[in-house]
Amino acid sequence: MAHRFPALTSEQKKELSEIAQRIVAHGKGILAADESVGTMGNRLQRIKVENTEENRRQFREILFTVDTSINQSIGGVILFHETLYQKDSQGKLFRNILKEKGIVVGIKLDQGGAPLAGTNKETTIQGLDGLSERCAQYKRDGVDFGKWRAVLRIDSQCPSSLAIQENANALARYASICQQNGLVPIVEPEVIPDGDHDLEHCQYVTEKVLAAVYKALNDHHVYLEGTLLKPNMVTAGHACTKKYTPEQVAMATVTALHRTVPAAVPGICFLSGGMSEEDATLNLNAINLCPLPKPWKLSFSYGRALQASALAAWGGKAANKKATQEAFMKRAVANCQAAQGQYVHTGSSGTASTQSLFTACYTY
Ligand SMILES: O=P(O)(O)OC[C@@]1(O)O[C@H](CO)[C@@H](O)[C@@H]1O
């Protein structure tokens, strides 16, 4: 089989791999601030704030106008469509505020789940139609990476081979379209933590899912050096009675990744999946200390685990801006340290940072 129809030019490949490497350089990770309107509504409800466009804008303004030193810990921010075109109170586009800090701007590209008939409530993700045009427009608007989240769940007959294959193929098709338009695709196959399964079962399923994803990416001629993976950590199900240490989670996670993710992938940025802020940091730290070969950067792309304390500190009040920014900065710095295996837990974490952020059947 000759390679007669190259998918990308060498210039395109260079641009993609440089973007991917910038995002995860020196322990940096990603702030996933891409909650859709509905998901943000759930977050705001917890702090008794109304889900209006202005309230969503105000919270994000506080995060994005944090001190420039945030660029030592955060390499990329994923936005939702609405946020990409919002401005701060001085009239400056959020995306320009982020870029001036040297942070790469990303966008959520998937458009929600659709049921796979004949399965045990499994789904695929929509959004491929018109995706190329959307990517081209976003690139013109200053976006350099995309995100697509596929959801797999563990249950009786789940994940089925249909759900694994279908979601792997959709992720690969999305990744190929992103790269054609100059966007680094974040590939997110999330095995959600609902259920009472043990750590070993989650590892088994995660390996099957990741193996299928990398086969599909190869089939679709995706340039791995210009991608980032956003997987779940391997953890026991939320309702499992047996508890595991961060070191056990780390060993199961790195083993699964080592068996399935090619070394050409520059970075693996975990989602937090409903872990408390502190657990997400401790597990990431243990992953980076795990004594197995780790040819990729192992970092974070947290939504809940980077914003829970900040949301609680804000409470919808402009007067709490400083405390909100301090809470956000604290988590960002802690995760940057964890991404280098240098986090030291001081034991002085606030209540918000140790609270579980799990939501059953987390969809958006
Ligand atoms: O699991 P977390 O770290 O909270 O969020 C991971 C994530 O993929 O899921 C969210 C909902 O789709 C997104 O906002 C975010 O990018």
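The values are calculated or read from the model by the stated rules, or taken from the named source; none is laboratory data. Keep in mind the model is a prediction, meaning the values are calculated, not measured. Cβ atoms come from the backbone with ideal geometry, glycine included; neighbour counts cover every protein chain shown.
Which residues, counting only those in region 171-202, are over 15 Å from the mean Cα position of the chain (by Cα) and acidic (Asp, Glu)?
Listed by number, the residues that qualify are Asp194, Asp196, Asp198, Glu200.
Could you tell me which of the residues Lys215, Lys208 is farther than 16 Å from Cys158 by Cα and in a helix (DSSP H, G or I)?
Result: Lys215 is the single residue among Lys215, Lys208 that is farther than 16 Å from Cys158 by Cα and in a helix (DSSP H, G or I).
What are the residues in region 31-60 that are within 12 Å of the ligand (Cβ to nearest atom) and small (Gly, Ala, Ser), if any?
Correct list: Ala32, Ala33, Ser36, Gly38.
Could you say whether any residue in region 102-110 is out of contact with any Asp or Glu (no Cβ under 9 Å at 6 or more places or on another chain) and away from the ligand (no atom under 16 Å from the Cβ)? Give the derivation first.
Start the filter on region 102-110 by keeping residues that are out of contact with any Asp or Glu (no Cβ under 9 Å at 6 or more places or on another chain), which leaves 102-103, 109.
If we keep only those that are away from the ligand (no atom under 16 Å from the Cβ) too, we end up with 102.
Yes, region 102-110 has at least one match.
For residues that are more than 18 Å from the chain's Cα centre (by Cα) and closer than 30 Å to Val66 by Cβ, tally how many sit in region 91-130.
Counting residues in region 91-130 that are more than 18 Å from the chain's Cα centre (by Cα) and closer than 30 Å to Val66 by Cβ gives 11.
Give region 61-81 a look and list any residue that's small (Gly, Ala, Ser) and more than 16 Å from the ligand (Cβ to nearest atom), or say none.
Quick first cut of region 61-81, residues small (Gly, Ala, Ser) only: 69, 73, 75-76.
Within region 61-81, Ser69 is the sole residue that qualifies.
With respect to the numbered conditions (1) over 20 Å from Gln180 (Cα atoms); (2) at pLDDT 95 or above, which one is the sole condition not fulfilled by Lys147?
(1)
How about region 178-194: which of its residues are within 16 Å of the ligand (Cβ to nearest atom) and in a loop (DSSP other than H, G, I, E, B)? Working first, answer last.
At the first step, the residues of region 178-194 found to be within 16 Å of the ligand (Cβ to nearest atom) are 178, 183-194.
The answer is Leu183, Ile192, Pro193, Asp194.
Which residue, of Leu257, Leu306, Leu292, is in a loop (DSSP other than H, G, I, E, B) and either more than 16 Å from the ligand (Cβ to nearest atom) or in contact (Cβ under 8 Å) with a residue 12 or more places away in the chain (or both)? Explain how you work it out, then say what you get.
Working: Leu257 fails: in a loop (DSSP other than H, G, I, E, B); Leu306 fails: in a loop (DSSP other than H, G, I, E, B).
Exactly one residue qualifies, and that residue is Leu292.
Are any residues in region 226-243 buried (at least 17 other Cβ atoms within 10 Å of the Cβ) and of a type outside the set (Ser, Thr, Tyr), and if so, which ones?
So the first thing to find is which residues in region 226-243 are buried (at least 17 other Cβ atoms within 10 Å of the Cβ), and the list is 226-238, 240.
Listed by number, the residues that qualify are Gly226, Leu228, Leu229, Lys230, Pro231, Asn232, Met233, Val234, Ala236, Gly237, His238, Cys240.
One residue is enough: does region 263-273 have a residue meeting the conditions under 18 Å from the mean Cα position of the chain (by Cα) and in a helix (DSSP H, G or I)?
The first filter runs over region 263-273 and keeps only residues under 18 Å from the mean Cα position of the chain (by Cα), leaving 265-273.
Right, trim to in a helix (DSSP H, G or I) and you get none.
No: region 263-273 contains no residue that is under 18 Å from the mean Cα position of the chain (by Cα) and in a helix (DSSP H, G or I).
So, in region 26-39, exactly how many residues are under 16 Å from the mean Cα position of the chain (by Cα) and either part of a helix (DSSP H, G or I) or at positive phi (or both)? Step through it out loud before you land on a result.
So in region 26-39, the residues under 16 Å from the mean Cα position of the chain (by Cα) come out as 27-36, 39.
Pick out the ones that are also either part of a helix (DSSP H, G or I) or at positive phi (or both) and you get 27, 39.
Total meeting the criteria: 2.
Just to verify a result, which residue in region 105-117, among those that are assigned to a loop (DSSP other than H, G, I, E, B) and free of Cβ contacts under 8 Å to residues at least 24 places away in the same chain, is surrounded by the fewest Cβ atoms within 10 Å (Cβ to Cβ)?
Of region 105-117, the ones assigned to a loop (DSSP other than H, G, I, E, B) are 109-112, 116-117.
Within this subset, residues satisfying the condition of being free of Cβ contacts under 8 Å to residues at least 24 places away in the same chain are 111, 117.
Working: Gln111: 17, Ala117: 7.
My answer is Ala117.
Out of all the residues in region 15-30, which are crowded, with 24+ Cβ neighbours inside 10 Å and either basic (Lys, Arg) or within 16 Å of the ligand (Cβ to nearest atom) (or both)?
Ile23, Val24, Lys28, Gly29, Ile30
Out of (1) buried (at least 23 other Cβ atoms within 10 Å of the Cβ); (2) within 16 Å of the ligand (Cβ to nearest atom); (3) without any contact (Cβ under 8 Å) to a residue 60 or more places away in the chain, what's the single condition that is false for Glu122?
(2) is the only condition that Glu122 fails.
List, please: which pairs have Cβ atoms under 9 Å, are six or more places apart or on different chains, and start with a residue in region 83-104 that is assigned to a strand (DSSP E or B) and end with one that is hydroxyl-bearing (Ser, Thr, Tyr) and surrounded by fewer than 17 Cβ atoms within 10 Å (Cβ to Cβ)?
Leu93/Tyr85
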